[in-house]
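The next block holds one structure in the form of structure tokens; read it before the comments.
Taken together, the values in this text are just the output of simple stated rules run on the coordinates, not laboratory data. This is a predicted model, so every value here is computed, not measured. Note: ideal-geometry Cβ built from the backbone for every residue, glycine included; neighbour counts use all protein chains shown.
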Amino acid sequence: RIYFSEADYNGIWEYTLATKSIRTITTDPKSGYGFTFSPDGKSLAYRRSVPGAGRRRNFEIVKQDLASGTTAVQARGTGLSVPAFSQSALVYSVGKQTKNLARVSTVSATILGIENTKIALVRNGKKVLRLDTRRKVDRLHE
């Protein structure tokens, strides 16, 4: 199966190679930006855009069961990162606070996304911000 979104990130679809069929997973606004799958492949998580007051951007983190299609909103707010799975836990940030991140004893890393131009990742159960992405681009252009 192949999962994809449109160029504007509105919606997520599933293409099944065996049957050559397309199934709509969601048409939620901006849901196709940074969606992620649980390690067992049974769930999909994404951040969707929801109407806010004025020009303010509000988001929701949604977890969807792929077999039944049921969804559950995990968080709401203005400063939500795109979600990621760390082991079987759904991890996301609200501002500078990371939710559902458990400490682990093994060395592992999961990329969470970009926060304030820095790469956010989970290393050994801790959220770490690395390398200002703007500086890296500036160095590449010199």
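Pairs from the table (K20/K99; K20/K126; K42/K126; K20/K127; K63/K118) lying more than 32 angstrom apart at Cα are K20/K99; K20/K126; K20/K127. Phi angles of region 34-49 translate, via the Karplus equation with coefficients 6.51, -1.76, 1.60 and θ = phi - 60°, into HN-Hα couplings of x, 6, 9, 10, 5, x, 7, x, 8, 10, 10, 10, 8, 10, 10, 8 Hz per residue; Gly and Pro are given as x. Taking θ as phi - 60° and the Karplus parameters 6.51, -1.76 and 1.60, the scalar couplings of region 72-83 work out to 9, 6, 8, 7, 9, x, 9, x, 8, 7, 5, x Hz in sequence order, x denoting glycine and proline. Highest mean packing comes first when the peptides 13-21, 111-119, 82-90 are listed by Cβ atoms within 10 Å, giving 82-90, 111-119, 13-21.
Helix-only arithmetic for the chain: the sum of -39500 (n - 2.57) across DSSP H runs with n ≥ 4, divided by the residue total, places the mean residue ellipticity at 222 nm at -2000 deg cm²/dmol. Amide H contacts under 5 Å for T98: none, restricted to partners 5 or more places along the chain or on a different chain, H placed in the peptide plane at 1.01 Å from N.
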